[in-house]
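> Input: one structure, supplied below.
Just so it is clear, none of the values below were taken in a lab; they were calculated from the coordinates. Keep in mind the model is a prediction, meaning the values are calculated, not measured. Every residue, glycine as well, gets a Cβ built from its backbone with ideal geometry; the counts of neighbours run over all protein chains shown.
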Amino acid sequence: MKRLAIFDLDGTLLNTIDDLATAVNHALEVNHYPTHTIPSYRQMVGNGVRRLIERAMPAGEQSEATVDRLLADFRAYYDEHLHDLTKPYPGIVELLAELERREVALAVASNKYESAVKRLISNFFAERKFVAVCGNVEGIPTKPDPSIVFRILGEHPTPKAEVIYVGDSAVDMETARRAGVTSVGVTWGFRPERELTAAYADHIITSAAELLELL
């Protein structure tokens, strides 16, 4: 029986790609770099905002100072527009309510900077009680390093056998593997199913309701 469900955020709970892409394109544009189509960002996200900025920049332009400047421009814009177009994936609101009804604790583990993670969770899932909402913070490595999972387990101690980790990418599947917890890949996010298969996901689901069958 699973007693704790840890969710990735972007591409798992929320479809954030439009707002992320728009914010990165804003940062690129104000710094006189070419922008990208929104669909192309699906392959750039997943390793934190700094890595996203680096991937979006032209090759050879990623000096630390330049990335820092674009990152500041991104955050200034994104903090004002982080949920303009973002929305929960179908069935997510109902899934979280049912998990809570079944007394399965809820947590979030994201590579996005933590203040944005907390604001998004508060905006879209205010009725739910999360035992931990964790994003990227200075001094803690990003996923697939499992530190964020261990941080959650420190805040809400749970045997690893009773933990399920849900995400949409190979990064998430590797995070779960390194942490020693069950991984569930979702096909509605930013990455194709073949990536989840190649990353040895313990389970792959195509709808939110299917997660209930794995508890």
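> Say the dipole of the chain comes from +1 at the beta carbon of Lys and Arg and -1 at that of Asp and Glu; which of I140, N31, L71 then lies farthest toward its positive end?
I140
> Please work out, to two decimal places, the log10 of the ratio I(q)/I(0) at q = 0.11, 0.13 Å⁻¹ from a Debye calculation in which every Cα of segment 143-215 carries one identical scatterer.
-0.24, -0.34
> Another question, then. Rounding to the nearest 10 and keeping the result within 0 to 90°, find how far the Cα-based axis of helix 114-124 lies from the longest principal axis of the chain.
Computed tilt is about 60 degrees.
> Roughly what % of DSSP beta bridges within the chain run antiparallel, to the nearest 5?
Numbers: 2 of 23 bridges.
The antiparallel fraction comes to roughly 10 percent.
> Then there's this: Enter the angle in degrees (range 0 to 90, nearest 10) between the Cα long axis of helix 92-101 and the first principal axis of the Cα atoms of the chain, meaning the one along which they spread out most.
40
> I'd like to compare 92-102, 55-65: which one has the highest average count of other Cβ atoms within 10 Å, and what's the full order after that?
Details: 92-102: 16.5, 55-65: 11.9.
In descending order of packing, they fall as 92-102, 55-65.
> Now, a different point. Would you mind putting 24-36, 158-170 in packing order, based on average other-beta-carbon counts within 10 Å, highest first?
Per-residue Cβ counts within 10 Å, averaged per peptide and sorted highest first, yield 158-170, 24-36.
> Give me the net charge for the shell around T142: Cβ to Cβ below 10 angstrom, other residues only, Lys and Arg +1, Asp and Glu -1.
On the way: positive: R50, R51, K112, K143; negative: D145.
Result for the neighbourhood of T142: +3.
> Let me ask something else about it. Explain nothing, just the number: dipole magnitude of segment 1-100 about its Cα centre with +1 on each Lys and Arg Cβ and -1 on each Asp and Glu Cβ, in debye rounded to the nearest 20. The partial results should precede the final answer.
Working: 9 positive and 16 negative charges, 70 e Å.
Around 340 debye, computed over segment 1-100.
> Treat every Asp and Glu Cβ in the chain as -1 and every Lys and Arg Cβ as +1, leave all other atoms uncharged, and give the resulting dipole magnitude about the Cα centre to the nearest 20 debye.
On the way: 23 positive and 31 negative charges, 88 e Å.
Around 420 debye, computed over the chain.
> Specify the inter-centroid distance of segment 107-132 and segment 1-51, based on alpha-carbon positions, in whole Å.
16
> Could I ask something else about it? Which value in deg cm²/dmol, rounded to the nearest 500, describes the helix-derived mean residue ellipticity at 222 nm for the chain, given -39,500 (n - 2.57) per DSSP H run of n ≥ 4 and division by the residue count? Can you show the working numbers first?
Working: 8 runs with 86 residues, N = 215.
One gets -12000 deg cm²/dmol as the mean residue ellipticity at 222 nm.
> Hey, what do the phi angles of segment 36-49 turn into as Karplus ³J(HN,Hα) couplings, whole Hz, using 6.51/-1.76/1.60 and θ = phi - 60°, x for Gly and Pro?
10, 5, 4, x, 5, 6, 4, 8, 9, 7, x, 10, x, 5
> Quick one: plug the Kirkwood hydrodynamic radius of the chain (C-alpha pairs) into Stokes-Einstein at 20 °C, 1.002 mPa s, and report D in µm²/s. It would help to have the intermediate numbers written out before the result.
On the way: Rh = 17.4 Å.
Reported coefficient: 123 µm²/s.
> With the radius of gyration and the Kirkwood radius both derived from the Cα set of segment 94-215, what is their ratio Rg to Rh?
Details: Rg = 13.7 Å, Rh = 14.7 Å.
Here the Rg-to-Rh quotient is 0.93.
> Regarding segment 17-81, what are the three Cα extents along the principal axes, ordered largest first, in Å?
Principal extents (Cα only, largest first): 26, 24, 21 Å.
> Something else about it: Based on alpha-carbon positions alone, could you give the equivalent ellipsoid semi-axes of segment 53-151 from the gyration tensor, as √(5λ), descending, whole Å? All intermediate terms of the calculation are to be shown ahead of the outcome.
Details: eigenvalues 180, 57, 25 Å².
In descending order, the three semi-axes are 30, 17, 11 Å.
> How far, in degrees from 0 to 90, does helix 64-81 lean away from the longest principal axis of the Cα atoms of the chain, to the nearest 10?
Its long axis makes an angle of about 60 degrees.
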